[in-house]
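Have a look at the structure below, then the notes.
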Amino acid sequence: MSQNIERLQILKLKLQMRLEAEDFLKTQVLPFNEILETLQRANIEYTMVDLVGIKEEWAPHLKDALSKIPDHPYTMAWGESMAFNQLPVLFDQYPSINPLRYVPPLKPIGSIESASDALTKAITRLGLRDEDVYLHYLNFAPLLKLKMADLAEKASEELFNLWYGDVVIFPEDLSWLVSHSLEEEWYAGRN
């Protein structure tokens, strides 16, 4: 009897993990396809680095679910990225000064004409060269790696809008941050 109860508890836990993984996929991953399509239309090359926020127990379920989606763009080295270790550090270095949305303790960029203009001003303010950066939409799991100059040159308003929420752009060493808030405000600076 005790073995049956134990086996049922294990099956219940597996089912719970599968349902959590499926919900994560539906809410945090698949809606991101719209952003990926926008990047592709703009000819912005990117690499999917990781899916942020995955519980280790979900990985087999997510891999299985993604394998059933033809040509899914979420192929990456699971668990081998910098996201798991670096994102918490990023938000410790640049904590939000607003409890309702992400606003880093940095100077606003000010008057801008477009997303491309904001990113160009951020590049100038920070003295950046064409370097690899990470792009993360806080409402979604995917973490992308791309070229900052490419993003600044080809970015459209479609990539940075109210529906997608807050966005952060940062280098691997976390020495600077560019942020777009859902209030259409841009911030850039070094900590």
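Points to keep in mind about this one:
- Any pair with Cβ under 9 angstrom, 6 or more apart, that starts in the range 44-71 at a residue that is closer than 21 Å to Lys145 by Cα and acidic (Asp, Glu) and ends at one that is in a helix (DSSP H, G or I) and modelled with pLDDT of 80 or more: Glu45/Leu39; Glu45/Asp150
- The condition of being touching a helix residue (DSSP H, G or I) at 6+ places or on another chain (Cβ under 9 Å), closer than 24 Å to Gly53 by Cα, assigned to a loop (DSSP other than H, G, I, E, B) and at pLDDT below 95 does not hold for Glu184.
- Residue match in the range 158-173 (condition: acidic (Asp, Glu) and loosely packed, with under 15 Cβ neighbours inside 10 Å): yes
- The single condition among (1) small (Gly, Ala, Ser); (2) under 21 Å from Pro88 (Cα atoms); (3) in a loop (DSSP other than H, G, I, E, B) that Ser179 does not satisfy is (3).
- Conditions (1) of a type in the set (Gly, Ala, Ser); (2) surrounded by fewer than 18 Cβ atoms within 10 Å (Cβ to Cβ); (3) under 17 Å from the mean Cα position of the chain (by Cα): number failed by Ala141: (2)
- Residue in the range 102-121 that is basic (Lys, Arg), buried (at least 19 other Cβ atoms within 10 Å of the Cβ), modelled with pLDDT of 85 or more and over 15 Å from the mean Cα position of the chain (by Cα) present: yes
- Taking the criterion of being in contact with a helix residue (DSSP H, G or I) (Cβ under 9 Å, 6 or more places away or on another chain) and touching a residue at least 24 places away in the same chain (Cβ under 8 Å), the residues of the range 123-137 that qualify are Ile123, Leu128, Glu131, Asp132, Val133, Tyr134, Leu135, His136, Tyr137.
- Annotation: of all residues in the range 178-191 being more than 14 Å from the chain's Cα centre (by Cα) and of a type in the set (A, V, I, L, M), the one that is surrounded by the fewest Cβ atoms within 10 Å (Cβ to Cβ) is Leu182.
Residues are listed down the side, and each one gets a yes or a no for (1) within 13 Å of Tyr187 (Cβ to Cβ); (2) assigned to a strand (DSSP E or B):
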{"residue": "Ile97", "(1), (2)": "yes, no"}
{"residue": "Leu100", "(1), (2)": "no, no"}
{"residue": "Val103", "(1), (2)": "yes, no"}
{"residue": "Ile112", "(1), (2)": "yes, no"}
{"residue": "Ser116", "(1), (2)": "no, no"}
{"residue": "Thr124", "(1), (2)": "no, no"}
{"residue": "Asp130", "(1), (2)": "no, no"}
{"residue": "Leu146", "(1), (2)": "no, yes"}
{"residue": "Leu159", "(1), (2)": "no, no"}
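- Count of the range 1-43 residues which are hydrophobic (A, V, I, L, M, F, W, C) and loosely packed, with under 11 Cβ neighbours inside 10 Å: 6
- Search result, residues across the range 133-167 that are under 16 Å from Ala115 (Cα atoms) and of a type in the set (S, T, N, Q): Ser156, Asn161
- For the range 156-170, filtering for residues that are touching a strand residue (DSSP E or B) at 6+ places or on another chain (Cβ under 6 Å) and within 22 Å of Asp92 (Cα to Cα) leaves 4.
- Conditions (1) under 25 Å from Leu182 (Cα atoms); (2) modelled with pLDDT under 95; (3) surrounded by fewer than 20 Cβ atoms within 10 Å (Cβ to Cβ); (4) out of contact with any helix residue (DSSP H, G or I) (no Cβ under 9 Å at 6 or more places or on another chain); number of the one not met by Tyr46: (4)
The values are calculated or read from the model by the stated rules, or taken from the named source; none is laboratory data. Keep in mind the model is a prediction, meaning the values are calculated, not measured. Quick reminder, even Gly has a Cβ in these numbers, built from the backbone with ideal geometry, and neighbours come from all protein chains shown.
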